[in-house]
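The values are calculated or read from the model by the stated rules, or taken from the named source; none is laboratory data. None of the values given here were measured: they were computed from a predicted structure. All Cβ positions, even for glycine, are placed from backbone atoms using ideal geometry, and neighbour counts span all protein chains on display. The protein model used for the area step is the full one, side chains on, heavy atoms only, and it has no ligands, DNA or RNA in it. Shrake-Rupley method; radii C 1.70, N 1.55, O 1.52, S 1.80 Å.
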Amino acid sequence: MNDTKRTGAPGANPQAPSPFIRSGIEAPVVATADTPRTRDPGLPGQYPFTRGIFADGFRGRMWTMRQYSGFGTPEESNERYRFLLDRGQTGLSIALDLPTQCGLDPADPMARPEIGKVGVSLSNLSEMEILFKGIDLSKISTSFTINGTAAIIYAMYIACADRNGVPREKLTGTIQNDILKEYVARGTWIFPVHPSMRLISDTILFGNRETPRFNTISIAGAHMRDAGCTAAEEMAFTLSNGLAYVDELLRRGGRADDFAKRLSFFFYVHMDLFEEVAKFRAGRRVWARLLRDRYSVTDPKAQMFRFGVVCGGSSLVAPQPHNNVIRVSIEAMAAVLGGAQSIFTCAYDEPFQIPTEFSAELALRTQQIVAHESGIARTVDPLGGSYYTEHLTDEMEQRIDTLMKEVEDYGGAIKAIEDGWMQQRIAHRAHERKQQLDSGELPVVGLNCFRRDDQPTSPGEVFHLDPQVSRRVLEKFEAIRDRRDAGAVARSLDRLEQAAEQDGENLMPYLIECCHAYATVGEMVSRLKARWGEFQEPVRL
């Protein structure tokens, strides 16, 4: 007896795949030597890096395996990090709670309902010290998903390393620090566009000198993809934002051959394996060409398109949640075949809860099985030379170029964001995707097709956040304010505010001084708001 429930227009489960990938490119029924191709893909490690940025691929160095994690207090998150490191994770990916992301201290009335909910609460240096207790910062690569307060969290990380005697030049990792995509797709912005761009430039220029192995920006298409973009739009809008950062850094006196070496990127990987692989291959090619031809970058290391990915996001669904394990496995394979430098795999229960230890370990094991059992990391770009892969890469490159020209013709990424143009484009695409899901045109097994009358409603193990988290965080917050040197805090904040008035002054040394004095995230943000104001979301109808 068939136990599936037929859903979606016209009421039947899908019988055959669409000839079009979601980026609007038609796939040939069969790709042959006669299928149009525009160029030879070349060799990995050589311009334009279509086949990868390293000549020996993952045989020289495996990708960094991270699991995005953090919740509640620093003590609880530290326990989860040590759990994952003990099970073979090779890098940390720090999730921060909404108050920290939005520049609010735990004592702020707006913050209290969200303390520790979607990430760890991190309001001052003492909490950062607890977060990394027993973890050698000189030996671990740490990624922070943080944007509006990225410069402050970066300063706090440096101060934490200083306190632990770790030389700054040994620090490795990434701060996301991409405010443009926050305006477009995510919403944890604080300051207006231009002072935010200044703050990001400060971190990059400071990092080139002080933390040369640390990536001070990860220009992120991931959140635009999850907000509704196609793969081609994700890459095009991300690279357009990247050009805006390059232009700002050049205006500030930076040298592209130097700072471009620390520019990195961040994407989601969704379910169309070949579309995702082509997206990354084309992205490497477009970025290298832009840096060489537009900015006269000659250093091959500065032309390289280095990126990390998340496998999951909005491609995962709550119905029949264990299906998400298969989805993440396919996406992880696409990330490896596309040549990612770091990968984090979502747990199957992430559509509805913080992952449990079991689901987080299973997600990590997914990467490890792909890395060490599948064989696809054995050779560089194993899909290279495939008639279909090369055709799709060429088509994706053309689609990315066309979309980037639209942004440029509008006046560039910053104008497109300030006017709300880019936000509107993504909103329209999200609406289109929702219609495709509702109609069944975009099939998702268990969601709009192959449903069961007895659909499972529980993932099994349920994560429970300690209801006393807020109380413990607030108690520690008040304790640090009582025992710190109030005079040193006031002086450091005064110097920060004065420096913010001077357009050419790099604010990173002042932020680090504030962190060493145990000034809080909210206090630093308040001083900068006093000088810069806040961003106002544009409204387009």
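Residues being acidic (D, E), over 30 Å from P538 (Cβ atoms) and not in a loop (DSSP other than H, G, I, E, B) are entirely absent from the range 365-387.
Of the residues that sit in the range 21-52 and are touching a residue at least 60 places away in the same chain (Cβ under 8 Å) and among the β-branched types (V, I, T), which one is nearest to G338 (Cα to Cα)? Out of the qualifying residues, it is T50. For the range 19-40, give me each residue that is open to solvent by 50 Å² or more (accessible area, probe 1.4 Å), within 12 Å of E275 (Cβ to Cβ) and in a loop (DSSP other than H, G, I, E, B). Result: R22, single match.
Of all residues in the range 469-497, count the ones that are in a loop (DSSP other than H, G, I, E, B) and open to solvent by less than 80 Å² (accessible area, probe 1.4 Å).
Restricting attention to the range 469-497, the residues satisfying the condition of being in a loop (DSSP other than H, G, I, E, B) are 484-485.
From the residues that got through so far, the ones that are open to solvent by less than 80 Å² (accessible area, probe 1.4 Å) too are 484.
The number of residues fulfilling the criteria is 1.
Taking the criterion of being surrounded by 17 or more Cβ atoms within 10 Å (Cβ to Cβ), farther than 20 Å from A227 by Cα and either small (G, A, S) or at pLDDT below 80 (or both), the only residue of the range 414-455 that qualifies is G446. Number of residues in the range 223-259 that are surrounded by fewer than 24 Cβ atoms within 10 Å (Cβ to Cβ), of a type in the set (K, R) and assigned to a helix (DSSP H, G or I) equals 1.
Considering each residue of the range 398-405 in turn, none proves to be open to solvent by 60 Å² or more (accessible area, probe 1.4 Å) and more than 17 Å from E234 (Cβ to Cβ). The sole residue among T73, T50, T38 that is modelled with pLDDT of 95 or more, within 30 Å of G228 (Cβ to Cβ) and not charged (D, E, K, R) is T50.
Test S143 against the criterion of being part of a strand (DSSP E or B) and open to solvent by 10 Å² or more (accessible area, probe 1.4 Å), and give yes or no. Yes, satisfied. Taking the criterion of being β-branched (V, I, T), in contact (Cβ under 8 Å) with a residue 60 or more places away in the chain and not in a loop (DSSP other than H, G, I, E, B), would at least one residue in the range 449-464 satisfy it? No; the residues of the range 449-464 include none that is β-branched (V, I, T), in contact (Cβ under 8 Å) with a residue 60 or more places away in the chain and not in a loop (DSSP other than H, G, I, E, B).
Tell me, which residue of the range 146-169 that is open to solvent by 10 Å² or more (accessible area, probe 1.4 Å) and part of a helix (DSSP H, G or I) is farthest from N78 (Cα to Cα)? Ranking the qualifying residues of the range 146-169, first place goes to E169. The set of residues from the range 297-332 being open to solvent by less than 10 Å² (accessible area, probe 1.4 Å) and assigned to a loop (DSSP other than H, G, I, E, B) comprises V297, F305, G312, P321. For the range 170-182, the count of residues that are touching a Ser or Thr at 6+ places or on another chain (Cβ under 7 Å), over 26 Å from I414 (Cβ atoms), open to solvent by 10 Å² or more (accessible area, probe 1.4 Å) and assigned to a helix (DSSP H, G or I) is nonzero. Here P212 meets the list (1) touching a residue at least 12 places away in the same chain (Cβ under 8 Å); (2) more than 28 Å from G504 (Cα to Cα); (3) open to solvent by 20 Å² or more (accessible area, probe 1.4 Å) almost entirely, failing just condition (2).
Among the residues that make up the range 456-474, is at least one of them modelled with pLDDT of 90 or more and of a type in the set (F, W, Y)? No, the range 456-474 contains no residue that is modelled with pLDDT of 90 or more and of a type in the set (F, W, Y).
Take L474 and decide whether it is touching a residue at least 40 places away in the same chain (Cβ under 8 Å), farther than 16 Å from I152 by Cα and among the aliphatic types (A, V, I, L, M). Step through it out loud before you land on a result.
Details: touching a residue at least 40 places away in the same chain (Cβ under 8 Å): yes; farther than 16 Å from I152 by Cα: yes; among the aliphatic types (A, V, I, L, M): yes.
It is true that L474 is touching a residue at least 40 places away in the same chain (Cβ under 8 Å), farther than 16 Å from I152 by Cα and among the aliphatic types (A, V, I, L, M).
Residue check: A185 meets all listed conditions (1) crowded, with 21+ Cβ neighbours inside 10 Å; (2) at pLDDT 95 or above but one, namely (2). Can you tell me which residue among A55, A107, A95, A111 is under 20 Å from Y154 (Cβ atoms) and either open to solvent by 30 Å² or more (accessible area, probe 1.4 Å) or of a type outside the set (F, W, Y) (or both)? Result of the check over A55, A107, A95, A111: A95.
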